[in-house]
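These notes concern the structure reproduced below.
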Amino acid sequence: MKTLCLTTESSVGRMEEEEEEDLVSGTFTWRIDNFSTLNKQTHYSDVFVVGGYKWRILIFPKGNNVDYLSVYLDFAEASTLPSGSTRYAKFRLTLVNQVDSKKSITKDTEHEFVANEKDWGFTSFILLSELCDHDKGYLVNDFCVVEVEVSVRNGIKILEDQETGELIDFRGLGRVEKTFVPFLEEVCSSYPSLLECHKKRSRTFIQCAFTALGRLLCFLKTTKAKDMTRDACKRLQLLWEELETFKFDLVWLEPHVQSVLVMKRRAGRVDRLREDVEILENEIKRRRDVLAAAEVDLEAAKRDLAKAEEEFKIDMDTELGYPLP
C-alpha cells in the first residue's frame, strides 16, 4: 500500500491505494476549508490518481439547482479518452460526521465515464440546512470532510457496440476486431513475450489489452507519413498512452513510436519556418513596391519643384515697395 498526501490553501486531501488482480482501489479524503465563503457554483478537489487514472471530487456548495449539497466523482482525463473507450469506476462517497462517525452519510454507485459524461454522483446528498447546522457535526469550524473510495479496472474497457468491425477470437485469448488480427499475429510471432506477460490476467483484461495493441499497430500500418497531421499525432499519442496502461513489454516498439512523433514535430517546425520565410519574402516584396512607388512620386515632386522655381525667379535683393497712384 502506498499513501500520498496532498495539501492546498483551501483543502487537504489524503489518498490511499491498494492493488489487486485486475482491480485497483483507492481512498481519497478531502478537507474543505472556509466552506461558507465558497461562492462559485462548483468546487473541485485536488487531482488524485487511482489505477493510473486521474480523478477529482466535485461539489456544488450551494446545490446543483436543489437545496442539497451535490457531490460527484469527476474523471479528470475524460477529454483525452480515445474514441470508443470508457473508464469504469465503482465508488463510494462519504460526508464525514466529525462528531459521531457512525452518523457519516455514505452513498454508493458505479458508472462508465465517457468524454461527454465526465462526472457522476448525487445531486441530493444532504440538505444544506442540515449540513450547515453546527449541532449535526458535518460542518465544524467552517470545514467539512468528503471522502471517496474508488475501484477501477486495471485497464481500459472497450465498448463492443462501438467497434468498427467484426470481432473474432485471437489465439483463445479473447475477441478482438478482425482487422487487428494480422498485425497481432505478426508481432506476437516476433515477440512471444507479448503472449506470456498476461497469462495470469482475466480474460476481460487480456481482451482489452490486445485490442489496444491491435488498434495501435493498425494505426501504424495504415497511416502514411504524409498523413501525420496534428490530429493524427494527437491520436497516436493517445493510443500509445492507452497501450502503456496494460504493462506490455514494449521496448521494441517505443523507440519507433517516439521517432514518428519526433519526426512529425520536426516536420512541423520545418513547415512553420517555411511559412515564416514566405511571409517575410512577401513583406519584402510589398515594401519594395511601396519604395518603387515612393521613388516615382519623388521624381514627380522634383520636376514640379524645378518648374515652380523657374516660374518664380526674382531678385531677392529687390525692395518689396508698395504701389502709388
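Tabulated values for the structure
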read-out: In the range 241-260, the residues that are surrounded by 14 or more Cβ atoms within 10 Å (Cβ to Cβ) and not charged (D, E, K, R); value: LEU243, THR245, PHE246, PHE248, LEU250, LEU253, VAL257, VAL260
read-out: Filter result for the condition that a residue is of a type outside the set (A, V, I, L, M, F, W, C) and either in a helix (DSSP H, G or I) or farther than 21 Å from CYS188 by Cβ (or both), over LYS247, LYS307; value: LYS307
read-out: Residue in the range 76-95 that is modelled with the highest pLDDT, counting only those that are over 17 Å from TRP240 (Cβ atoms) and charged (D, E, K, R); value: ARG92
read-out: Selection status of LEU238, free of Cβ contacts under 8 Å to residues at least 60 places away in the same chain, surrounded by 11 or more Cβ atoms within 10 Å (Cβ to Cβ), within 29 Å of VAL24 (Cβ to Cβ) and not polar (S, T, N, Q); value: no
read-out: Qualifying residues in the range 74-98 (those that are hydrophobic (A, V, I, L, M, F, W, C) and touching a Lys or Arg at 6+ places or on another chain (Cβ under 8 Å)) - the one farthest from PHE210 (Cα to Cα); value: LEU93
read-out: Scan of the range 48-75 for residues that are at pLDDT 90 or above and either outside any strand (DSSP E or B) or not assigned by TED's automatic domain parsing to the domain that holds VAL140 (or both), ordered by number; value: PRO61, LYS62, GLY63, ASN64, ASN65, VAL66, ASP67
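The values are calculated or read from the model by the stated rules, or taken from the named source; none is laboratory data. Keep in mind that what you see is a predicted model, and the values were worked out from it rather than measured. Please note: Cβ atoms are built from the backbone with ideal geometry, for glycine as well, and neighbour counts cover all protein chains shown.
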